[in-house]
Each structure stands twice: as C-alpha cells, then as structure tokens.
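Only one structure is covered here, and it is reproduced in the block below.
The values are calculated or read from the model by the stated rules, or taken from the named source; none is laboratory data. This one's a predicted model, so the numbers in the text were calculated from it and none came from an experiment. Quick reminder, even Gly has a Cβ in these numbers, built from the backbone with ideal geometry, and neighbours come from all protein chains shown. Areas reflect the complete protein model, heavy atoms only, side chains present, ligands, DNA and RNA absent. Shrake-Rupley method; radii C 1.70, N 1.55, O 1.52, S 1.80 Å.
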Amino acid sequence: MAGQVWSIGQVMKLLKPEFTDLSISKIRFLESEGLLSPERAPSGYRKYAQADVERLQYILTCQRDNFQPLKVIREHLEMIDRGEEPPAVDQPSPPGGPAETEPASVGPAVIRRAKGPIRMNRRELVRASGITEAHLVELERHQLVRTKRGQQWYGQEALMVCVASRRLRDFGMDTRHIRAIRQAAEREAGMIEQTVMPHARHAHQADQQVSKLASEITQLVIHAHAAMVYDLLEH
C-alpha cells in the first residue's frame, strides 16, 4: 500500500520468516553503519517506508546468501542510489539434491551460499566443488574439511571450504594458507563460545534463544572481521 509505514518492530516481524536471525539490534546496527536511513517521527520513532524495507531486505540477502561484508554492500547501495544496477544477489546456488549437483558457482569475490540444507557424500562433494580427490584428501588430512559431527555426509561448510580452496589455488594460496584461515576461525569460534556460555547457563534461557543469540554474535564477528581485513588492505 502506497504511503504505508512500519515501526522497527513491525519491520522485524515482517522479515523474520525469511531472515530467521533478524533482530531489532541488528537493524539498529545496520542503521548506525549508515546503510539504512528511515524517517524519524517528531517523537523520535523510526518510520520505515516500503523503500526502506526493500533496502533492508536487499542488505540481509547479500549477507545471508553471499556473505558479503558491509563495505561491499555499501558500494552496491551507492550504485542503487545513483540509479545503477548492482550485481545480482540471487544467483543459482549449489543444489542440495545429490543427483543434480553441479560444480559450485563462484563469483569474483563471493562464494554463493546454498539456500537449503546440503547433504553430500564424498563423490558428490568432489563433483560439486570442482576439486580432485587428492585435493580433498589433503584438506581432510589437515582437518580443514570434515563430515558433519556424528554423520557420514558433508554439509554446506565443507562445500564452501573446498570451493574457496580451489579458487585460492589459482592465486597461489595453498593448504598452508587455508590452515592459517582455520586457526583464525578457531580463535573467533572460541571467543563466541565464551560469550554465549553465560547465557546458556541460565535456566530461563531456552535453547532456541541461545541459538539465536549465538547466530547474531557470529554474524557480527564475521562482519567485523571482514571490515578489518578490508581496512588493513586499504592502508
């Protein structure tokens, strides 16, 4: 409806079914980063118009499906504001069905994240990622790729690491470099676990609430990490 506006709480409820980890604090964070600029009522309350909701939806899609850092998303938004067409964010992703798995599509700076769950056996992972069996053996030997805990199948994370490793080899980065990335990830995962642990100890905190909290903290850490890498490369 033309002219319709929503409060920040209403926007969250509107987009929550599509973006399950969305929270009011996350929306406010994006606003503080200058990616969103909703109109303010005289009372100070945010008023989100249809264009604001669509802008937020675009940002969240870039983060969820493409793992794009805020710096890249900001550049895309600036293109939109100039009337230009930004890179598409809804590209075909590696399918979860074993029979239809094709080599993963990888853009110049983005590895597409599948929208549904992925369950692959060894042969399917090799085919979907485009790596060789020897390459997979090497990654597994260094514990950079592994099956899901307690399972015999590989998930989305294994596929993404395999694709990234294949692409990075084209630039001269081998398993040693992937191990360095893994070590940094282990430190960040440990930090997130320590942050979440006090909340998990409270009896009144449901498992679902703790899971959502962990997801939100993880996204913020990933965004901060990406922003700092870009910042270091610019200096």
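Brief remarks on what is shown
- Filter result for Gly107 (surrounded by fewer than 18 Cβ atoms within 10 Å (Cβ to Cβ), over 26 Å from Trp6 (Cβ atoms) and at pLDDT below 90): yes
- Of all residues in the range 21-50, those satisfying the criterion of being under 24 Å from Asp65 (Cβ atoms), open to solvent by 70 Å² or more (accessible area, probe 1.4 Å) and free of Cβ contacts under 8 Å to residues at least 24 places away in the same chain are Arg28, Ser32, Ser37.
- If you go through the range 33-66 and keep only what is more than 26 Å from the chain's Cα centre (by Cα) and polar (S, T, N, Q), you end up with just Ser43.
- Those helices (runs of 4 or more DSSP H) of the range 128-235 in which at least 2 residues are under 30 Å from Lys16 (Cβ atoms) and modelled with pLDDT under 85, considering only elements entirely within it, cover 175-201, 207-234.
- If only residues of the range 149-169 that are over 21 Å from Phe67 (Cα atoms) and of a type outside the set (S, T, N, Q) are counted, the one that is least open to solvent (accessible area, probe 1.4 Å) is Trp153.
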